[in-house]
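Q: Please read through the structure below; I'll follow up with questions.
The values are calculated or read from the model by the stated rules, or taken from the named source; none is laboratory data. What you see is a predicted model; the values in this text were computed from it and never measured. Every residue, glycine among them, receives a Cβ derived from its backbone with ideal geometry; neighbour counts consider all protein chains shown.
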Amino acid sequence: MSDLNRIRQQAAEWVVALQEAGSDERARLQAECEIWQAEDPRRRQVLEQIQRIWQAPEPALERRRKRRRQLTGLGSLLLLAWSGTQLPWAYWGADYRTAAGEIRTVPLPDGSQIVLNSNSAMDLDYTEGARIVKLVRGELLATVAKGRDAPFQVETRDISATALGTQYTVKLADTYSRVAVQESTVVVTSHNGGGALRLTSGQQADLNRDGLITQSTAPTHRPDWANGQLVFNSTPLPRVIERLGHHRAGILALDEALGASQPPPHFTGVLPADDSDAALALLSDALDLEVKHFTPWYVILSRK
């Protein structure tokens, strides 16, 4: 579990504990919570964000509460905390989007094709002389039809990646955008200017709005998730959980003892990208782990 996800989990637990505490216990818990917040400035920010989500009046939460009316207690709060921090409103208004664990293939009017990864969203701008895909969230694989007059562009918050005919992936992360080319050539430009970067098959680059951060090699084959699989080769368990968590709604984490294991357990195998419950069953069998479902949206792995 990343530091920020751990803070979100702990903050959600604090909010529930404070709400359910009696008057005698609340003062003590509040003092302990203040100490917890003082240890890391991010903790206070996340706690206040979760409290705003939880206490928000209608109609701000009306649709979310209807969708989650069967959830109660900690499970409900954790899901609200996760959705409030992970799903910006632009996601809900996008032309195409995928839920956690969903991989979607979108045929485009010109014969090109987009595969949207889990928890991803995009808008289309197909007009005369323009073929623009705007990645709002997540990751996509573009297979571009050749022989068209208009260049094909994938845009993110940071960059524009242009090709006439090729296959490449674009990923929008928190602080950068990644472009990886499987076939042919892509030209990438940052929105704040700077020189254009030319990437060929087997190359990838991370860029922000101001330009290149780093450039490296990349696989030349279609990414595993686009085939509905997550492939691991002697991968540390925290990295496996990080990837699998992207394909599951809510919080998926290792307990404290397992997360602190040095060296961590490693996993080699193939997990389904579209069925996280089946993936967890396969993973737990392979590494002799216990899967604890506190709610459908709050799952912790530990040693048996």
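Q: Of the residues that sit in segment 192-210 and are among the aliphatic types (A, V, I, L, M) and buried (at least 16 other Cβ atoms within 10 Å of the Cβ), which one is farthest from GLU139 (Cα to Cα)?
A: LEU197
Q: Next question. Which residues, counting only those in segment 253-269, are surrounded by 14 or more Cβ atoms within 10 Å (Cβ to Cβ) and not in a loop (DSSP other than H, G, I, E, B)?
A: ALA253, LEU254, LEU258, GLY259, HIS266, PHE267, GLY269
Q: Scan segment 77-90 and give yes if some residue there is at pLDDT below 85 and not in a helix (DSSP H, G or I), otherwise no.
A: Taking segment 77-90 first, the residues at pLDDT below 85 are 77-90.
If we keep only those that are not in a helix (DSSP H, G or I) too, we end up with 87-88.
The answer is yes; a qualifying residue exists.
Q: On to the next question. If a residue has to be in contact with a Ser or Thr (Cβ under 8 Å, 6 or more places away or on another chain), in contact (Cβ under 8 Å) with a residue 24 or more places away in the chain, assigned to a loop (DSSP other than H, G, I, E, B) and not basic (Lys, Arg) to count, how many in segment 103-158 make the cut?
A: Residues meeting the conditions: 8.
Q: Do you know which residues across segment 229-246 are at pLDDT 95 or above, under 15 Å from the mean Cα position of the chain (by Cα) and outside any helix (DSSP H, G or I)?
A: If the condition is that a residue be at pLDDT 95 or above, under 15 Å from the mean Cα position of the chain (by Cα) and outside any helix (DSSP H, G or I), then LEU230 is the only one that fits.
Q: Let me ask another. Only one of (1) in contact with a strand residue (DSSP E or B) (Cβ under 6 Å, 6 or more places away or on another chain); (2) at positive phi is not met by THR189, so which one is it?
A: Of everything listed in (1) in contact with a strand residue (DSSP E or B) (Cβ under 6 Å, 6 or more places away or on another chain); (2) at positive phi, THR189 misses just condition (2).
Q: Something else: With respect to ILE132, determine if the residue is modelled with pLDDT of 95 or more and hydrophobic (A, V, I, L, M, F, W, C).
A: Criteria not met by ILE132.
Q: Determine whether segment 104-125 contains at least one residue that is at positive phi, touching a strand residue (DSSP E or B) at 6+ places or on another chain (Cβ under 8 Å) and buried (at least 20 other Cβ atoms within 10 Å of the Cβ).
A: Scanning segment 104-125, I find at least one residue that is at positive phi, touching a strand residue (DSSP E or B) at 6+ places or on another chain (Cβ under 8 Å) and buried (at least 20 other Cβ atoms within 10 Å of the Cβ), so the answer is yes.
Q: On the basis of being surrounded by 12 or more Cβ atoms within 10 Å (Cβ to Cβ), more than 26 Å from ALA99 (Cα to Cα) and of a type in the set (Val, Ile, Thr), does ILE213 make the cut?
A: When the stated conditions are applied, ILE213 passes them.
Q: Considering only segment 175-205, how many residues are under 18 Å from the mean Cα position of the chain (by Cα) and either modelled with pLDDT of 95 or more or more than 20 Å from PRO223 (Cβ to Cβ) (or both)? Reasoning before the result, please.
A: Step one: filter segment 175-205 for residues under 18 Å from the mean Cα position of the chain (by Cα), giving 175-180.
In the following step, the residues that additionally are either modelled with pLDDT of 95 or more or more than 20 Å from PRO223 (Cβ to Cβ) (or both) were identified as 175, 177-180.
Going through segment 175-205 one residue at a time, the tally reaches 5.
Q: Tell me whether segment 220-231 contains one or more residues that are surrounded by fewer than 17 Cβ atoms within 10 Å (Cβ to Cβ), among the hydrophobic types (A, V, I, L, M, F, W, C) and over 20 Å from VAL154 (Cα atoms).
A: yes
Q: Could you list all residues from segment 8-60 that are at pLDDT 70 or above and among the basic types (Lys, Arg)?
A: ARG8, ARG26, ARG28, ARG42, ARG43, ARG44
Q: Which residue is farthest from the chain's Cα centre (by Cα), if the candidates are limited to segment 97-137 and must be farther than 26 Å from PRO296 by Cβ and small (Gly, Ala, Ser)?
A: Ranking the candidates gives GLY129 first.
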